[in-house]
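Notes follow the structure.
Values quoted throughout were computed directly from the atomic coordinates according to the rules given, and no laboratory measurement underlies them. Computed from a prediction, not measured in an experiment: that's the story for all the values here. Virtual Cβ from ideal backbone geometry, glycine too; neighbours counted across all protein chains shown.
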Amino acid sequence: MSKKTNLIRPVIAQIIPALNNGGVERGTIETAQAISDIGWNPIVISSGGMLESQLKRAGAKHLNLPVNKKNPVSWQFTKNKLRKILKDENVDIVHVRSRVPAWVGLPVAKVLDIPTVSTIHGKFEAYNLLKRAYNKQLLKADEIIAISKFTKSVIERQFPKLLPNISLNVIHRGVDTSVFNPTNVTQQRIINEAERIGLPDDLPVVMLPARPSSWKGHLILLRALARLEHLQVAIVLLGAGDFNTGYAEMLEKTSIELGLGANVRITTSSRDMPAALMLADVVVMPSIHPEPFGRIAIEAQAMGRPVIAFDHGGARETILEGKTGWLAKPNDIDSLSENLKTALSISKSKRNELSNLAQSSVKRRFSVRKMTNSTLEIYRKLLLKKGFSPLVLGK
C-alpha cells in the first residue's frame, strides 16, 4: 500500500455504550483528549449521557447511536447507521470498549477494511457457552487491550486456543495526577466534604468508596472493624447510599447490630473525590470477587493515602505490600482486621514515608499520560500498516 504523505489527520472512533459516569467513560474521554492533543481527530459513538459536555471540551466529536441495546434484533439497524457514519467521517481506526459495541462495530469495520482495537475493561469470566461466545467477540479486534495483568490472565485461561492468533496488550488504567494531587486540593474543599458526610470530630477515618453492591465488601469491612474493640474509628461508606434501594438500610442495621452505628456514615458518591479521599486515614477496597483493576486504589495512593485490599485481582498490581498499602487474605475477616489495625497505628513518620512512595509510584506506573501514550502507540502501529506516513503520525 502506498504511503499517505499528505497531511490528512487520522480519525479515531471509540465506541462505548453510553457516556455516563464510570471508569470506561473516563478512559474514553482521556484517550479522546490525548488524540486531540497530538492533532488527530477523535470521535466517540455512544447512546449519549451526562459526560457529553466533557467529551466536547476534550476536542472530540460525539455521534449518537444506540450501541447500548443488548437485543440482537436491533443490531442490524445500528450496523447500517454505523457503516454510514464510519464512511462519512473517514474513520481510520475503530476502538470498541464493550461487548455490544464489539458485536456491532467490529463486523462493520471489517467490511470497510478499517483496523480495530478492543479494550477489555470488566470481568471476563464466563461459566457457560453462551456467555463465552458473547465475550469472545471482543477478541476479534486486530489489537486487544487488557486493563491489567489479571484481566490478561483471565483471557488466557478462558480462551487458550485463540492466543497464538491474537495480539494481547496490557495497558493499566490511569489516574490524572494533576487532579488527584493533595497539593491541589484546598482546605475549603475538604471542609465541604467533611460537612456533607457529617464526620465526627477527632476520629481516624476508614473509607470505602464503592457503589451499593454486596460484592464490594461493605459487610466484611464492618465485621472486620467490629473486631477492633479498643480502636474507635469513623467509617465512611462513600457511594453506598446511591440509588433508592434497601442496601443502605441493610448496612445501617448491620452497623447497629455490630455496635458501630454511631460512627458509620453511609453517603452518596462524592462529586469531589480528591477532597473526599483527603479525609481518609486509610482507604479500603475489600472486594469479595477480584477487581479487574480497581481504580480507587490508584486514586487513593495518588492522594498519598494507604490502601488495604484483598490479595487478588488487580490490587496485586497496584499496591506495594507494606510500602504503599497492605494486601489481606481474600475474604478473611481476621486478616482484614489485622491489616486495619496496622494501618491505623503506624507512626506519623512512617505514614509520611508511605504517602510519598504511594504518590511517586502512581506517577511512575499509573498516570493517565502513560495509559494514553501506550494506547496511541497501538494506534500508530495500525496506522503505519494501513499506509500512513510516519511523518504524519509524529511521535
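I need the calculated FRET efficiency for the pair S213 and K161, taking r as the beta carbon distance and R₀ as 41 Å, to the nearest 0.05.
Values: r = 33 Å, r/R0 = 0.81.
Plugging the Cβ-Cβ distance into 1/(1 + (r/R0)^6) gives 0.80.
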Given 0.36 nm per residue, what is the gain on full extension from T342 to A126 after removing their alpha carbon distance, in nm? 74.1 nm
Using Cα centres only, tell me the gap between region 368-393 and region 11-38 in whole Å. 16
Quick one: if you stick a label point 7 Å off each Cα along the C-beta vector at Q232 and T245, how many nm between them? 3.3
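Assuming a ≥ b ≥ c are the square roots of the Cα gyration tensor eigenvalues, decide whether region 33-170 counts as rounded (a/c under 1.5), prolate (otherwise, with a/b larger than b/c) or oblate. Working shown, then result.
Details: a/c = 1.71, a/b = 1.42, b/c = 1.21.
Prolate.
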For the residue pair L384 and I288, what label-to-label distance in nm results when each label sits 7 Å from Cα along the Cα-to-beta-carbon direction? 4.8
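Summing -39500 (n - 2.57) over the DSSP H runs of n ≥ 4 in the chain and dividing by its residue number, what mean residue ellipticity at 222 nm do you reach, to the nearest 500 deg cm²/dmol? Intermediate results must be reported in sequence, preceding the final value.
Details: 16 runs with 169 residues, N = 395.
After summing the helix terms and dividing by residue count, I get -13000 deg cm²/dmol.
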Test of understanding: extend the Cα→C-beta vector of T186 to 7 Å, then name every residue of region 241-274 with backbone N under 15 Å from that spot. 272
Mind checking the full-extension length gain between S360 and I38? Use 0.36 nm per residue of separation minus the Cα-Cα distance, one decimal, nm. 113.3 nm
Treating the Cα atoms of region 312-364 as identical point scatterers in vacuum, please give the log10 of the normalised Debye intensity I(q)/I(0) at q = 0.23, 0.31 Å⁻¹, two decimals. -0.93, -1.20
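Rounded to the nearest whole Å³, what is the per residue volume of the convex hull around the Cα atoms of region 182-365?
Here the figure is 109 Å³ per residue.
Treat the count of other C-beta atoms within 10 Å as a stand-in for reagent exposure and order W215, W103 from fewest to most.
Working: W215 10, W103 20.
The fewest-first ordering by Cβ neighbours comes to W215, W103.
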